[in-house]
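Below is one structure; the comments refer to it alone.
Only the coordinates and a few stated rules stand behind these numbers; no lab work does. Here the structure is a predicted model, which is why all the values come from computation and not from measurement. For neighbour counting, all protein chains shown are included, and Cβ atoms are generated from backbone atoms with ideal geometry for every residue, glycine included.
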Amino acid sequence: MVNSAPKSDSGKKLFYGLFIFPLVIATGMAVLLCTVVLLTREVETPESLITAIKTGSPSKRWQKAFELSNEINQGRGMIRSSGVMKEIIHILNDRQEYDPMTRSYMAIALSRFDDPLVADALMEALTQEEDVNVTMHVIWALGMKEEKRAVDLILPYLKDERSELRKTSAYVLGVIGQAAQVAPHLLPLLNEEDRDVRWNAALSLARLGDDSGYEEILKMADRKTLSSYEGMDQAKIEEVMVSAVKGLALLKRSDSQDVLNQLATSDESLKVRQAALEAVKAFGN
């Protein structure tokens, strides 16, 4: 009779030596490493990020500004911190010291504060700003605040030669409201060559209760039409169609119900179908 026990014990030793023990050691080292990282990691606060922006190298400032914008966007208990808010206003207005990208993030961060000084600071910045990206973000921030006093300052940008400012202004003015004041200035944009400007103007008019951009919104809801445009990938097409469906829901025109029903039942995108279903329900309500 062959005794196989010694071979079995040898196999177990080999198995544990080659696999189990190294795995335990590796796991222990990973846990130790994670513990060290967690214990030594510097927790960033809005104050520390402000300091990093002010003292860091110019090439790194915008990254800290981005982190600060995200930090404040998450709340973190700092929305009412006047000290942080004043520092952000200072950085936004210091055009000599800080680059446009850093100041753009400051504009977005500033819009998160619930303080009357915010709108005043943003409007003041808009009157002084020359950089297109900072201007665009300041306008966007005023839209986030729904600051009606800013309408007169934003309206001239609907005629700006830079399309990014025209489309941003068209969108923001629809968010702010003031239909009687704004709608007449949006109407000419429906004939714009730039499709983003046309689309934002049409959707903003819909928000203001004006269906003058109805035909343009129908084109935005047509997948075949959108697919014919250069540079329109599937994600962008889906985004535009969802926006169009929401615009049709705002207008509640009876002749758009067939379009919405078709999208709700047969469009290839789940997001578009869901948006269309909600729009159909809005008609019923």
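For a test of the definition: using alpha carbon positions, the gyration tensor, and the 1.5 limit on a/c, classify region 82-163 as rounded, prolate or oblate.
Note, shape of region 82-163 comes out oblate.
Quick one: if you stick a label point 7 Å off each Cα along the C-beta vector at Asp194 and Lys86, how many nm between them?
3.8
Taking N as the number of residues in region 70-207, what is its alpha-carbon radius of gyration divided by 2.2 N^0.38 Å? Spell out each step's value before the answer.
On the way: Rg = 15.1 Å, N = 138, 2.2 N^0.38 = 14.3 Å.
Rg over 2.2 N^0.38 Å, computed on Cα atoms: 1.05.
Where the centre of each part is set by its Cα atoms, how far does region 198-275 sit from region 82-97, in angstrom?
Their Cα centres are 40 Å away from one another.
Relative contact order for region 213-285: what percent, with Cα pairs under 8 Å and sequence separation of 6 or more? Could you put the intermediate results ahead of the total?
On the way: 67 pairs, mean separation 20.8, N = 73.
Normalised by residue count, the contact order of region 213-285 is 29 percent.
Computed FRET efficiency, Cβ-Cβ of Gln74 and Asp99, R0 25 Å: what is it to the nearest 0.05?
On the way: r = 24 Å, r/R0 = 0.97.
After rounding to 0.05, the efficiency reads 0.55.
Name the residues of region 212-241 whose amide N is less than 13 Å from a point 7 angstrom out from the Cα of Glu268 along the C-beta direction?
Counting only backbone N, you get 223-228, 233-238.
Pairs of alpha-carbon atoms within less than 8 angstrom and 6+ residues apart define the contacts here; what relative contact order does region 244-285 have, in percent? Walk me through the numbers before you get to the answer.
Numbers: 36 pairs, mean separation 19.9, N = 42.
Relative CO of region 244-285 lands at 47 percent.
If each residue's Cβ is checked for other Cβ atoms within 10 Å, how do Ser254, Ser111 rank with the fewest at the top?
On the way: Ser254 7, Ser111 22.
In order of increasing Cβ crowding within 10 Å: Ser254, Ser111.
Please rank Lys167, Lys252, Lys246, fewest neighbouring Cβ atoms within 10 Å first, as an exposure proxy.
Working: Lys167 23, Lys252 14, Lys246 18.
By the 10 Å Cβ count, ascending, the order reads Lys252, Lys246, Lys167.
With Kirkwood's inverse mean 1/r over C-alpha pairs for Rh, give me the Rg to Rh ratio of region 213-285, two decimals please. It would help to have the intermediate numbers written out before the result.
Numbers: Rg = 11.3 Å, Rh = 11.9 Å.
For region 213-285, the value is 0.95.
If we count other beta carbons within 10 Å of each Cβ, what is the order of Glu71, Glu161, Glu278, fewest first? Mind dumping the intermediate values first?
Numbers: Glu71 20, Glu161 6, Glu278 14.
Fewest to most other Cβ atoms nearby, the residues stand as Glu161, Glu278, Glu71.
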